[in-house]
1. Taking the conditions exactly as written (in a helix (DSSP H, G or I) and surrounded by 13 or more Cβ atoms within 10 Å (Cβ to Cβ)), does residue 26 satisfy them or not?
2. If you take the residues of region 29-58 that are β-branched (Val, Ile, Thr) and part of a helix (DSSP H, G or I), which of them is surrounded by the fewest Cβ atoms within 10 Å (Cβ to Cβ)?
Amino acid sequence: MPRPTAAQFAYGSCTVVVSALAMLLLSRTTSGPWIAVIALAALALGLLVAWTVPLPGTRGTRTPAEPAAHEGRVPTAL
């Protein structure tokens, strides 16, 4: 498993902080269990965002020998 990049840490951390604050402000909750639920939801959302940030060098790595699925492949009738 590759190590997370700085961008993944930054996006994930910002997502956790901003989403936790937004959910706490919008819900106006004061009970401990609901605050824990909101914190866990914010953490899960941050992990999801961090995992979906593309890794460097993974965009456009198709080699010329691998044609795309939609490039000129027309079935021929026999």
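1. For residue 26, the condition - in a helix (DSSP H, G or I) and surrounded by 13 or more Cβ atoms within 10 Å (Cβ to Cβ) - is not met.
2. Among those that are β-branched (Val, Ile, Thr) and part of a helix (DSSP H, G or I), it is 52.
For every residue, the table says whether it meets (1) at pLDDT below 90; (2) within 12 Å of the chain's Cα centre (by Cα).
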site	(1), (2)
6	yes, no
17	no, no
26	no, no
39	no, no
50	yes, yes
59	yes, no
62	yes, no
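The values are calculated or read from the model by the stated rules, or taken from the named source; none is laboratory data. All values derive from a computational prediction rather than experimental measurement. Virtual Cβ from ideal backbone geometry, glycine too; neighbours counted across all protein chains shown.
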